[in-house]
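This report refers to the structure that appears directly beneath it.
The values are calculated or read from the model by the stated rules, or taken from the named source; none is laboratory data. Just so you know, these numbers come straight off a predicted model, no measurement behind them. Cβ coordinates were reconstructed from backbone atoms using ideal geometry, including for glycine residues, and neighbour counts include every protein chain displayed. Side chains are part of the model used for accessible areas, which takes the heavy atoms of the whole protein and leaves out ligands, DNA and RNA. Shrake-Rupley method; radii C 1.70, N 1.55, O 1.52, S 1.80 Å.
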Amino acid sequence: MTLDIGQSGGTGAGTRSARTAGGSASRARELAKLIEKDISTGRLSAGSWLKQVDLEAQYGASRLDIRQALDRLEEKGFVKLEANRGYRVETFDKERFRNVVTIRAILEVAAAQEVLKHIDEPGLERLRQRADGFAEAVNAGTVVAQEEANYAFHAAMLEFCPNRDLVSMIFDLRSRVPVTLTREKNTAALLANTVREHYEIVERLRERDKPALEAIVHRHVLGGLEIV
């Protein structure tokens, strides 16, 4: 597909402001999330061209709001604006996957250090329950259930990190990896290893073992890189 937006080229800040002036910021954020989800799940495939009139009809949105949403997604690396052609869904290659996961590992270790200082016994119990939930999803759940349970575990842990900007950055990085790519790498062996590592994270937090916690969190986030 191609995007017909009457582009004459140029992607600078001034050009972008002129192109998107007048749209609703809140609506654009909402649309960006919807389009991002469709890219992540493969409904909008990597490399495909986005035709604006189709997006307007699909999401029931105005042209200005669609343009603002696409600009937001370009900033996050989900789409690319090519002069005189339009927006194209970016291909999430192996190098980019490694870069994103490596950065996330560094940030999650930093967050784990803060969690260690603030998590209490009830919090540890809730985290263990989230680990149980993921284990159950791996044994009998659907792929979607596994993804939701894994997210719930990390969300429960990061509740105890007072640096909310750090937490926001971590979840932003998580969202940048398409679900389709994550599903490709989630072999049975890797899922089983993730189950074990969730329980190990809980135990290292319970023991207040900072070096061991840092090591397991780093290894956990980097899991699967060798097969991508």
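The table that follows gives values for the structure above.
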{"read-out": "Residue within the range 177-190 that is open to solvent by less than 30 Å² (accessible area, probe 1.4 Å), free of Cβ contacts under 8 Å to residues at least 24 places away in the same chain and within 29 Å of ARG208 (Cβ to Cβ) present", "value": "no"}
{"read-out": "Index of the failed condition, GLU147 passing every other in (1) more than 23 Å from GLY77 (Cβ to Cβ); (2) touching a helix residue (DSSP H, G or I) at 6+ places or on another chain (Cβ under 8 Å)", "value": "(1)"}
{"read-out": "Residue tally, condition open to solvent by 20 Å² or more (accessible area, probe 1.4 Å), assigned to a strand (DSSP E or B) and over 22 Å from ASP172 (Cα atoms), over the range 45-93", "value": "2"}
{"read-out": "Helices (runs of 4 or more DSSP H) lying entirely in the range 149-228 (those with 2 or more residues that are in contact with a Gly (Cβ under 9 Å, 6 or more places away or on another chain) and at pLDDT 90 or above)", "value": "188-207"}
{"read-out": "Residue, most open to solvent (accessible area, probe 1.4 Å), within the range 142-176, restricted to residues that are over 26 Å from GLU121 (Cα atoms) and not charged (D, E, K, R)", "value": "MET169"}
{"read-out": "Of residues in the range 32-44 being in contact (Cβ under 8 Å) with a residue 60 or more places away in the chain and in a helix (DSSP H, G or I), the one surrounded by the most Cβ atoms within 10 Å (Cβ to Cβ)", "value": "ILE39"}
{"read-out": "Long-range neighbours under 8 Å by Cβ, at least six apart or interchain, first residue within 17 Å of CYS161 (Cβ to Cβ) and open to solvent by less than 80 Å² (accessible area, probe 1.4 Å) within the range 121-141, second part of a helix (DSSP H, G or I) and aromatic (Phe, Trp, Tyr)", "value": "LEU127/PHE153"}
{"read-out": "Tally, over the range 205-218, of residues that are surrounded by fewer than 20 Cβ atoms within 10 Å (Cβ to Cβ) and in contact (Cβ under 8 Å) with a residue 12 or more places away in the chain", "value": "5"}
{"read-out": "Scan of the range 47-91 for residues that are touching a helix residue (DSSP H, G or I) at 6+ places or on another chain (Cβ under 6 Å) and among the hydrophobic types (A, V, I, L, M, F, W, C), ordered by number", "value": "LEU55, ALA61, ILE66, ALA69, LEU73, PHE78, VAL79, LEU81, VAL89"}
{"read-out": "Failed criterion for ASP38 (all others in (1) modelled with pLDDT of 90 or more; (2) closer than 20 Å to LEU173 by Cβ hold)", "value": "(1)"}
